[in-house]
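The values are calculated or read from the model by the stated rules, or taken from the named source; none is laboratory data. Worth saying up front: this structure is predicted, and the values here are computed from it rather than measured. Note: ideal-geometry Cβ built from the backbone for every residue, glycine included; neighbour counts use all protein chains shown. Keep in mind that these areas ignore ligands, DNA and RNA; they rest on the heavy atoms of the full protein, side chains included. Shrake-Rupley method; radii C 1.70, N 1.55, O 1.52, S 1.80 Å.
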Amino acid sequence: MSEEMLEEQRQGEAIVLKAQSELLNGKKVYVESYGCQMNFSDSEIVASIMGQAGYETTASADEADVVLINTCSIRDNAEQRVRNRLKQFNQEKKANPDKVIGILGCMAERLKSQLLEEEKLVDLVAGPDAYRELPGLIQEVESGQKAVNVLLSREETYAEIKPVRLDTNGISAFISIMRGCDNMCSFCVVPFTRGRERSRDPESIVAEAADLFNRGYREVTLLGQNVDSYRWNMSKKSEVIDNAKESVNFAQLLEKVAQVHPDLRIRFSTSHPKDMTDEVLYAMAKHENICKYIHLPVQSGNSDVLQRMNRGYTREWYFNRIDAIRRIMPDCGISTDVIAGFCGETEEQHADTLSLMQAVKYDFAYMFFYSERPKTLAERKFEDDVPLEEKKRRLNEIIQLQMEHSLESNKRSVGKTFKVLVEGSSKRSDAQFCGRNTQNVMCVFPKGDHKFGDYVQVKITDCTSATLIGEIVEKA
Ligand code: SAH
Ligand code: SF4
Ligand code: F3S
């Protein structure tokens with residue numbers, strides 16, 4: 001490049017920098033996230049809205065003018081962690097009284113103004129559908145008012161907001177495809193904190209996936225509390241569309257995203273056993289880039305408990321869905337969520353959960369003991385009557401069994417070769433990469449001359465219950 005061209009480029013960059021700094025208001029925002037992937041995804045929308053209002057995001061709470069904590073209410077201990085963190089921020093605020101502390105997400109929605117007015121732990125409260133109002137709410141705080149917005153919406157999907165990717169490896173990103181939940185599982189607080197279910201315009205989802213791919217991302221995870229009930233009616237978008245009744249379901253959405261590029265991997269979460277269709281499974285089988293991995297939370301292996309949980313399926317129906325997955329995609333990874341010690345669970349019913357796990361042999365599981373949540377159906381209708389010690393004992397048995405199954409599953413992979421997306425450096429060693437195979441199992445292997453975002457063939461030589469260990473080979 002000639003000296004002249006370089007100078008022109010420098011001037012151009014200077015203009016862009018000036019334009020950007022004119023948008024900035026000189027203030028910094030720090031966002032800390034708890035809970036599910038959807039909350040982490042929401043934080044990226046928050047960062048985008050705050051960016052539009054002139055705030056720069058910072059990874060340091062100390063240097064931030066505004067600290068926002070995006071919270072989770074799913075179990076009592078999730079809320080306790082956030083309370084402790086808020087107390088810590090309040091201690092630090094003594095040295096810097098102008099700092100604004102805000103609470104977002106499910107705890108904000110559940111407790112409304114309680115943390116502001118009664119507990120005096122925050123200056124601002126914004127529920128999951130109120131994030132567009134954040135800059136205005138902060139102004140209210142700055143002018144000495146109380147700022148609370150916990151209105152839930154039937155329409156808000158933040159569809160056109162371009163998320164600012166936080167904590168990113170530049171390879172994997174979340175895309176929210178729907179919000180809320182209409183299922184009313186009796187143990188669950190989510191329908192109260194997230195409101196009614198609504199799906200996002202498929203065109204905005206595909207556009208977001210394409211934009212990520214063009215920026216070097218190689219994997220997207222489509223997020224919803226029950227992705228199988230995704231449905232978009234085209235008529236919602238425009239009354240002049242010819243076929244006003246045309247609608248897009250989850251299987252069709254998956255195919256649209258899969259067609260963005262063969263090198264873009266697609267994952268999704270969470271599937272619901274009562275709604276997961278064979279059509280989705282066939283769409284997965286048809287496209288190599290839709291990962292062969294399904295997270296299918298079972299919660300309990302006993303049909304009476306499932307009924308009290310209001311899950312909408314029986315043990316037999318669940319087995320039917322597992323059989324369908326194995327029939328259509330024999331190599332599919334399967335994981336689950338389990339709750340131990342739900343209201344009225346007997347020893348025999350707990351044994352049914354263990355026997356279901358024995359039959360399915362999950363590759364991975366998230367396991368919890370039941371934590372009663374205010375206002376849920378279970379709290380109103382049933383007694384939380386399994387003693388804590390007993391819940392913990394049952395949970396322990398579930399965890400022990402799952403560890404055996406995870407190890408067995410990984411041992412079966414030793415000697416096999418998998419296509420792995422290089423996602424980053426291994427935590428343990430700089431000389432090693434890490435990345436997952438299509439079944440979502442983390443693999444660790446020496447770097448060779450590859451880089452982040454490459455697909456490599458990894459031959460597995462060893463394993464632990466959590467990780468596969470291998471080496472890059474030429475195509476198998
Ligand atoms: N929408 C997803 C799950 C969202 S919550 C689904 O339907 O599967 C994630 C997991 O937290 C649940 O699957 C459940 O296993 C667990 N969970 C939810 N509420 C709980 C409670 N009150 N006590 C213990 N675990 C709970
Ligand atoms: Fe909660 Fe059930 Fe909705 Fe999942 S499907 S978020 S467990 S109510
Ligand atoms: Fe928690 Fe809310 Fe997600 S309760 S699990 S952050 S939807």
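Solvent-accessible area assigned to carbon and sulfur over the chain amounts to 50 percent, based on a 1.4 Å probe. Give 286/416; 292/392; 27/112; 427/451; 361/381; 112/274 a once-over and call out the pairs whose C-alpha atoms are over 25 Å from each other. Checking Cα-Cα distances, 292/392; 27/112; 361/381; 112/274 exceed 25 Å.
Reported to the nearest whole Å, the Cα centre-to-centre distance from region 276-296 to region 337-400 is 28. The listed residues 152, 23, 86, once ranked by accessible area (1.4 Å probe) with the largest placed first, stand as 23, 152, 86. Protection proxy ranking for 380-389, 458-467, using the average of other Cβ atoms within 10 Å per residue and placing the highest first: 458-467, 380-389. Sorted largest first by accessible area at a 1.4 angstrom probe radius, with every protein chain in place, the residues 315, 196 fall in the order 196, 315. Each label was represented as a point 7 Å from its Cα along the Cα-to-Cβ direction; for residue 279 and residue 317 these points are 1.8 nm apart. The simple Förster model, with R0 at 60 Å and r as the Cβ-Cβ distance, assigns residue 246 and residue 428 a FRET efficiency of 0.75.
Just the number, please: percent antiparallel of the DSSP beta bridges in region 168-269, rounded to the nearest 5.
Details: 5 of 15 bridges.
Of the beta bridges lying entirely in region 168-269, close to 35 percent run antiparallel.
A 1.4 Å probe, protein heavy atoms only, puts the accessible area of residue 263 near 60 Å². Under a 5 Å amide H cut-off, with hydrogens placed 1.01 Å from N, residue 301 pairs with 353 among residues at least 5 apart or on other chains.
Here the spin labels are modelled as points 7 Å beyond Cα on the Cα-Cβ line, and at residue 207 and residue 328 they lie 3.0 nm apart. Rounded, prolate or oblate: pick one for region 292-412, where a ≥ b ≥ c are the square roots of the eigenvalues of its C-alpha gyration tensor, a/c under 1.5 means rounded, and failing that, prolate if a/b is larger than b/c, else oblate. Note, shape of region 292-412 comes out prolate. For region 168-269, the gyration tensor built on C-alpha atoms gives an oblate shape. Its axis ratio a/c (a ≥ b ≥ c) is at least 1.5, and a/b is not larger than b/c.
Summary of the geometry: region 41-103 and region 163-226, compared by the centres of their Cα atoms, lie 21 Å apart. Sorted largest first by accessible area at a 1.4 angstrom probe radius, with every protein chain in place, the residues 232, 317 fall in the order 317, 232.
Between residue 381 and residue 347, the simple spin-label model (points 7 angstrom out along Cα→Cβ) gives 2.8 nm.
When only C-alpha pairs under 8 Å and at least 6 residues apart count, what is the relative contact order of the chain, in percent? Mind dumping the intermediate values first?
Values: 926 pairs, mean separation 44.6, N = 476.
Averaging sequence separation for qualifying contacts and normalising by length gives 9 percent for the chain.
When only Cα pairs below 8 angstrom with a gap of at least 6 residues are kept, region 168-269 shows a relative contact order of 31 percent.
Which of the three applies to region 417-473, rounded, prolate or oblate, going by the alpha-carbon gyration tensor with a ≥ b ≥ c and a/c under 1.5 meaning rounded?
Because its axes are fairly even, with a/c under 1.5, region 417-473 counts as rounded.
Looking at the chain, the DSSP beta bridges with both ends there are about 35 percent antiparallel. Pairs of Cα atoms nearer than 8 Å and 6+ residues apart set the relative contact order; for region 417-473 it is 35 percent.
As a calculated quantity, the FRET efficiency between residue 372 and residue 113 at R0 = 22 Å, using C-beta atoms, amounts to about 0.40.
To the nearest 500 deg cm²/dmol, what mean residue ellipticity at 222 nm is calculated for the chain from DSSP H runs of n ≥ 4 alone, each contributing -39,500 (n - 2.57), summed and divided by the residues? Walk me through the numbers before you get to the answer.
Details: 16 runs with 180 residues, N = 476.
Calculated mean residue ellipticity at 222 nm is -11500 deg cm²/dmol.
Taking 0.36 nm per residue of sequence separation and removing the Cα-Cα distance, the residue 24/residue 143 pair yields an extension gain of 40.8 nm.
Residue-wise HN-Hα couplings along region 412-426, as the Karplus relation 6.51 cos²θ - 1.76 cosθ + 1.60 with θ = phi - 60° gives them from phi, are 5, 7, 5, x, 8, 10, 10, 7, 10, 8, 6, 9, x, 7, 5 Hz; Gly and Pro carry x.
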